[in-house]
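Shown next, in structure tokens, is the structure this report addresses.
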Amino acid sequence: MTSPMTHHLRPKYESATPDTNVSHYLFIAEEAALPLLKPLFNDIDLTLRKSLVVTDLDISPVTTAAYELIPRSKTISYTDAFILANSKNVAVYIAGTESFLWSVHQRVLKAGIEKSKIHLLEPISDLRRIICTHCFTIMDNISDILVTCSGCQRQLEVQDQFSEMHGAYAASGIRLSNKPQKTIKTITPKKQLF
């Protein structure tokens, strides 16, 4: 039996085009990613779409006719309730940082939305989520290729190998080129005395 989660090279993201095989559209986005959704907002009637926007501001949730604005600390509970209340014949569009995309993607899959109805837009930054292949610590907002694991303190190199299950790139230990190589000492037999 094969797992529905796959490991592959860098994920391919979609452009903002409406899925015409659904009757409603759900948008879940970080506030900074709203410009990516503008083309979709222009193409889809307001009565057919609902939006959940995550902000870094420490606010009480705000609901308007166009969107629901929530603080980041409430992302999981609001995403779950949002999907549960709107799960019939929908397409879900997710926009934000890569770690946000994959965290929300997992919540939407768990809620029972078909993978083909989940659309991840291009991340708004180059920051990555990584997973240490030694201790399985997950670290967010990584921009460098070389990083020290916050769990096991190993020097890691970020790979292009991506795990959908973790929403993260693999990071494995690196060999330091300035480290002296161990050499095996060979023993030469002495002359025979007899």
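Please treat every number below as a calculation from the coordinates, not as lab data. Since this is a predicted model, take the numbers as computed values, not measurements. Every residue, glycine among them, receives a Cβ derived from its backbone with ideal geometry; neighbour counts consider all protein chains shown.
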In what order do Thr75, Thr133 fall by count of nearby beta-carbon atoms within 10 Å, going from fewest to most? Thr133, Thr75
Grab the other residues whose beta carbon is less than 14 angstrom from that of Ile118, score K and R as +1, D and E as -1, and report the net. +1
May I ask you to compute the full-extension gain from Arg10 to Glu31, defined as 0.36 nm times their residue separation minus their alpha-carbon distance, rounded to one decimal in nm? 5.1 nm
Please identify the longest segment of the chain free of exposed trypsin sites (Lys or Arg not before Pro), where exposed means a DSSP state other than H, G, I, E or B and no more than 15 other Cβ atoms within 10 Å. 89-174
Wrap a convex hull around the Cα atoms of the range 1-125, take a quarter of its surface area, and give that in square nanometres. 8.1 nm²
What is the sum of charges around Ser15, taking Lys and Arg as +1, Asp and Glu as -1, for the other residues whose C-beta is under 15 Å from the C-beta of Ser15? -2
Met165 neighbourhood, Cβ < 14 Å, K/R = +1, D/E = -1, net charge +3
Can you tally the lysine pairs in the chain where the Cα-Cα distance is under 16 Å and the two residues are eight or more apart, or on different chains? 8
Within the chain, the cysteines whose Cβ lies no closer than 4.7 Å to any other cysteine Cβ are none
Of the DSSP beta bridges with both residues in the chain, give the percent that are antiparallel, rounding to the nearest 5. 40 percent
